[in-house]
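Here is the structure we will look at.
What follows draws every value from the coordinates through simple rules; no lab data is involved. Computed from a predicted model, the values in this text were never measured in an experiment. Note that we place each Cβ from the backbone using ideal geometry, even for glycine, and neighbour counts take in every protein chain shown.
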Amino acid sequence: MATNQFRVWDIYTRLFHWLLVIGIGYQYYSAKISNTSIDNHALVGYGLLGLIIWRVLWGFVGPNPVRFSHFVPSPKNLFRYVRTQPKPIYASHNPLGAFAVLLFLLMIALQSISGLFMTDDILFSGVLYGWLDDSINNAIQWFHNNSFNGLIALITIHVIAVIVHAKTSEPYIIKAMFHGKKPQHNYAVSHTLKLHLTCALCIVISALKVYLLVNHIPDWLGIEPEDLFDF
Ligand code: HEM
Ligand code: HEM
């Protein structure tokens, strides 16, 4: 490894990223290819929702490079970045990348939440299935079945953009999502006890939110449980 490398991505952000990749891959496999384990599809969906909630919290209390306040640009800065040539190099996400990150978080959250309204018409019904009028429920199911195409489009653009950056201006960008380090930036994120404890707290809060959503909110809404998961 070259000298003068500084940690930009903390271990938890990297884990988040690769768990997201595995989770989305599994969702595609379980719903489109294997078609056998819809219970597992739902469980992994809850996990993905938990990951997204965690990342949103991390975006407020995590280390500087992964904070929204640090990398989300104003519209003016976004347009300036789009027009500027050659493009400046950022330690964290560049303004266009930041836009993609927000879109990822929103789309995966919506995909997971809409899953709660799904049924496979055989044995499985999501915990919010039957809560809303049929017409609204059907629209949400349509969304769940089709919005994944949008996600695939975004993933394709994301991977192409990453590869183009790796081939042109930032050859270290992909490895940095594994070991966390980029050369010559003004960051040196440390894995301090405070960072670990803050992350643990974010994990507890996000797990609790998913647990409540799956196990208690349907009761509070008066939905007859058809196939609740009891953790
Ligand atoms: C299901 C597929 C994928 C999804 C949903 C996804 C999602 C994301 C998200 C949400 C981030 C922001 C990370 C954060 O700030 O928390 C990100 C960053 C990143 N992803 Fe992916 N990703 C996917 C696949 C890949 C693949 C296959 C690669 C490698 C070729 C990759 C390389 C990267 C890199 C290098 C960054 C950091 C970009 C930068 O330095 O600004 N991703 N991805
Ligand atoms: C990010 C999370 C999720 C992703 C990416 C995802 C993706 C998908 C995809 C691609 C399909 C197939 C659509 C088609 O047939 O063309 C599907 C179907 C389905 N999903 Fe999800 N899903 C997620 C979360 C959930 C959750 C949390 C639940 C339930 C709690 C769920 C329940 C279902 C059901 C019941 C089906 C229909 C399966 C069938 O027709 O047999 N999904 N999902």
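For the pair region 118-169 and region 18-78, the centres of their Cα atoms are 12 angstrom apart. Distances between placed amide hydrogens fall under 5 Å for Gly126 paired with Met118, Thr119, all partners being 5 or more residues away or on another chain. Between Val82 and Asp120, residue separation times 0.36 nm minus the direct Cα-Cα distance comes to 9.3 nm. Taking 0.36 nm per residue of separation and subtracting the current Cα-Cα distance, fully stretching the chain between Asp219 and Ile157 would add 18.3 nm.
Ranked by the mean number of other Cβ atoms within 10 Å per residue, highest first, peptides 121-130, 81-90 order as 121-130, 81-90. Paramagnetic label reach from Leu106 (point 7 Å along Cα→Cβ; backbone nitrogen cut-off under 16 Å): within region 114-148, residues 114, 147-148.
Computed extension length for Val56-Ile205: 52.5 nm, one decimal, from 0.36 nm per residue of separation with the Cα-Cα distance subtracted. A simple rule links phi to the HN-Hα coupling: the Karplus curve 6.51 cos²θ - 1.76 cosθ + 1.60 with θ = phi - 60°, which for region 76-85 gives 4, 5, 4, 5, 4, 4, 4, 7, 6, 9 Hz, with x for Gly and Pro. Backbone amide hydrogens, once placed in the peptide plane, bring Gly180 within less than 5 Å of nothing, excluding anything fewer than 5 places away on its chain. The string of couplings for region 120-135 from the Karplus curve (6.51, -1.76, 1.60, θ = phi - 60°) is 9, 6, 10, 10, 10, 9, x, 5, 9, 5, x, 6, 9, 3, 3, 5 Hz, one whole number per residue in order, with x for Gly and Pro.
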